[in-house]
Amino acid sequence: MSLFDYTLRELQEKLHNQEIRVTDLVDESYKRIEEVDGQVKAFLTLNEEAARAQAAELDQQRGDSTAKLFGLPIGVKDNIVTKGLRTTAGSQILSNFNDPLYDATVVNKLNDAKSITIGKLNMDEFAMGSSNENSSYDAVRNPWNTDYVPGGSSGGSAAAVAAGEVPYSLGSDTGGSIRQPAAYCGVVGLKPTYGRVSRFGLVAFASSLDQIGPITRNVEDNAFLLETIAGHDNMDSTSANVEVPNYSEALTGDVKGLKIAVPKEYLSEGVSSEVKEAVQAALQKYEELGATWEEVSLPHSKYALSTYYLIASSEASANLARFDGVRYGKRAEDAETMLDMFKRSRAEGFGDEVKRRIMLGTFALSSGYYDAYYKKAQQVRTLIKNDFEKVFADYDVIIGPTTPTPAFKIGDKVDDPMTMYANDILTIPVNLAGVPGISIPCGFSSNGLPIGLQIIGNHFDESSVYRTAHAFEQATEFHKQRPSLGGARS
Amino acid sequence: MSRISKDEVKHVANLARLAITEDEADTFTKQLDDIITYAEQLNELDTEGVAPTTHVLDLKNVLRKDEPKEWLNKEDVLNNAPEHKDGQFKVPSVLE
């Protein structure tokens with residue numbers, strides 16, 4: 001048994017009672033990384049020296065401190081800026097960005113809560129991708145079967161938790177980038193309501209969609225971590241000035257009378273039969289627990305993918321203009337003129353998917369096309385948002401699959417961007433509407449890969465999402481399964 | 001009918017300050033055309049009179065006092081730059 005099979009609260013108790021040392025937890029992390037990260041490739045940069053020094057220091061205060069995450073080792077997605085610790089966002093253009101000058105607000109909050117940053121986690125370049133194959137470093141592998149993708153873009157964050165390298169991590173989610181890899185790796189991942197968590201210090205991809213969120217082994221830890229990182233921030237004018245509830249109090253195990261909506265579009269033909277069966281079994285479990293469910297319609301779901309790619313790419317084309325080889329990051333050598341330097345630095349520094357999306361966004365925003373593409377997509381976004389509002393007028397939560405299928409094999413979808421994008425059809429509408437969504441384990445495929453259940457709540461109602469997720473988790477054993485690292489299990 | 005021509009792809013690449021090769025222009029033309037063609041399904045929807053969503057929360061202008069405060073140290077900032085000189089970022093010739 002690993003120390004990381006305990007919940008975060010149990011670990012804190014053990015620390016407080018002097019049963020274990022912070023050093024033991026940090027040792028456990030680096031030992032496991034040494035054992036398995038050659039296969040999993042979840043980490044891009046380790047913070048070992050500083051983390052060990054910090055652990056030794058915290059061990060002196062053990063038993064006295066009441067800091068919320070005292071001594072608990074965390075992994076941080078590499079698009080979240082960490083002072084003095086290399087931050088690449090999975091891109092070559094930031095491969096030499098070894099000395100960021102400030103911490104993201106979420107990292108400040110982790111530091112204040114006395115957690116220990118173990119290292120930075122691999123990801124699709126600039127969070128653009130659904131398989132981690134767009135990382136410009138080594139692609140992350142799925143700990144359940146290393147021939148399969150871990151999902152993306154927070155593939156490193158999900159795989160590191162699934163593989164037991166860290167007990168919890170931070171990811172970011174623009175169109176499913178926390179929930180989809182959480183589903184593929186059999187862990188718990190939440191995308192909070194847009195505005196719930198500060199984006200200050202998150203390398204911006206699509207600013208109206210991006211949110212940072214927790215990836216954990218169970219729902220209780222997830223709620224515990226969100227309490228620490230949520231809240232209004234003067235450094236992010238889009239962060240919401242809304243009170244952060246005590247999410248742990250929502251974990252009552254009681255869902256009697258809960259009204260669940262199941263969109264028929266989320267169980268349509270693109271969804272594999274194994275995934276449908278797992279979701280239907282989950283709905284039956286909820287009935288046994290005293291909840292009720294009804295089929296509803298989110299009629300504009302099929303337009304979400306188009307809407308997302310136009311809006312997200314447009315915002316990305318503006319956000320990624322900052323990578324110009326002037327102030328930080330890589331610069332192409334021997335350019336004669338400034339314009340040549342810009343173009344070549346970006347051509348050398350960005351991968352194909354990033355270039356594709358920058359060009360799509362530039363096209364959608366360009367003169368003569370703006371109304372036809374960008375504005376049209378924003379109007380359809382309103383229709384998609386209204387779909388959710390109508391359902392939440394009558395129901396507490398929406399439930400469906402997180403992804404149409406379990407994880408696919410590495411290399412299977414790399415050549416066709418449109419097939420790759422279709423992985424995200426069930427997660428993207430949630431970002432467009434700005435509502436919170438979680439993925440929790442709800443089954444396994446015939447070849448032993450995890451299946452994720454998605455639970456979606458109304459704006460700022462993470463409490464209902466957590467309550468619903470936790471009740472299912474209490475009644476099932478899926479979240480207790482651990483991968484035996486190596487080849488196929490079957 | 002194609003939605004985007006190779007010349008338009010080159011034009012867009014230039015606007016986005018991306019150097020691309022002829023081969024890349026061919027590949028991107030095909031791929032972007034596929035994506036744009038797919039995205040035109042949005043034209044099935046009548047959006048006459050629908051207000052565009054730029055932001056999901058009902059936030060109005062968020063204002064703060066314009067007061068200077070301590071932020072990053074100039075030396076540290078320059079040290080992250082590929083080239084700097086006399087306290088400023090250095091770039092190749094601006095004029096062709």
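The values are calculated or read from the model by the stated rules, or taken from the named source; none is laboratory data. Note that the coordinates shown come from a computational prediction; the quantities given were computed from them, not determined experimentally. Note that each Cβ is placed from the backbone with ideal geometry, even for glycine, and that neighbours are counted across all protein chains shown. Keep in mind that these areas ignore ligands, DNA and RNA; they rest on the heavy atoms of the full protein, side chains included. Shrake-Rupley method; radii C 1.70, N 1.55, O 1.52, S 1.80 Å.
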Hey, residue A:304 open to solvent by 60 Å² or more (accessible area, probe 1.4 Å), part of a helix (DSSP H, G or I) and either within 20 Å of residue A:416 (Cβ to Cβ) or more than 9 Å from every other protein chain (Cβ to nearest Cβ) (or both) or not: no
Matching residues in segment A:390-411 - criterion: being out of contact with any helix residue (DSSP H, G or I) (no Cβ under 8 Å at 6 or more places or on another chain), touching a residue at least 40 places away in the same chain (Cβ under 8 Å) and either hydroxyl-bearing (Ser, Thr, Tyr) or open to solvent by 30 Å² or more (accessible area, probe 1.4 Å) (or both): A:394, A:395, A:409, A:410, A:411
Given the condition within 14 Å of another protein chain (Cβ to nearest Cβ), among the polar types (S, T, N, Q) and open to solvent by less than 10 Å² (accessible area, probe 1.4 Å), answer yes or no: does some residue in segment A:428-441 qualify? yes
Can you pull out the residues in segment A:86-105 that are out of contact with any helix residue (DSSP H, G or I) (no Cβ under 6 Å at 6 or more places or on another chain), under 25 Å from residue A:222 (Cα atoms) and not β-branched (Val, Ile, Thr)? A:103, A:104
Number of the exception - residue A:310 against (1) crowded, with 19+ Cβ neighbours inside 10 Å; (2) under 25 Å from the mean Cα position of the chain (by Cα); (3) over 24 Å from residue B:37 (Cβ atoms): (3)
Residue check, residue B:9 closer than 30 Å to residue A:327 by Cβ, surrounded by 17 or more Cβ atoms within 10 Å (Cβ to Cβ) and either modelled with pLDDT under 95 or of a type in the set (A, V, I, L, M) (or both): yes
If residue A:350 passes every condition in (1) under 20 Å from residue A:126 (Cβ atoms); (2) of a type in the set (A, V, I, L, M, F, W, C); (3) open to solvent by 20 Å² or more (accessible area, probe 1.4 Å) but one, which one does it miss? (3)
Picking from A:10, A:19, A:49, the residue that is loosely packed, with under 13 Cβ neighbours inside 10 Å and in a helix (DSSP H, G or I) would be A:49
Somewhere in segment A:204-220, is a residue open to solvent by less than 20 Å² (accessible area, probe 1.4 Å) and at positive phi? no
Members of segment A:172-214 found to be in a helix (DSSP H, G or I) and either hydrophobic (A, V, I, L, M, F, W, C) or free of Cβ contacts under 8 Å to residues at least 12 places away in the same chain (or both), listed by number: A:182, A:183, A:185
Quick one: in segment B:58-96, which of the residues that are among the basic types (Lys, Arg) and open to solvent by 100 Å² or more (accessible area, probe 1.4 Å) is nearest to the other protein chains (Cβ to nearest Cβ)? B:64
Looking only at segment B:42-57, count every residue that is small (Gly, Ala, Ser) and either more than 7 Å from chain A (Cβ to nearest Cβ) or part of a helix (DSSP H, G or I) (or both) and tell me the total. 1
Of those in segment A:252-270 that are within 15 Å of residue A:425 (Cα to Cα) and open to solvent by 10 Å² or more (accessible area, probe 1.4 Å), the residue modelled with the lowest pLDDT is A:269
Please state which one of A:301, A:306 is in contact with a Pro (Cβ under 8 Å, 6 or more places away or on another chain) and not β-branched (Val, Ile, Thr). A:301
Can you list the helices (runs of 4 or more DSSP H) found entirely within segment A:313-411 that contain at least 2 residues being at the interface with chain B (Cβ under 7 Å from one of its Cβ atoms) and touching a strand residue (DSSP E or B) at 6+ places or on another chain (Cβ under 9 Å)? none
If I filter segment A:276-301 down to residues being part of a helix (DSSP H, G or I) and among the small types (Gly, Ala, Ser), which single residue comes out as nearest to residue A:430 (Cα to Cα)? A:301
Against the definition (at the interface with chain A (Cβ under 8 Å from one of its Cβ atoms), of a type outside the set (D, E, K, R) and loosely packed, with under 10 Cβ neighbours inside 10 Å), how does residue B:39 come out, yes or no? no
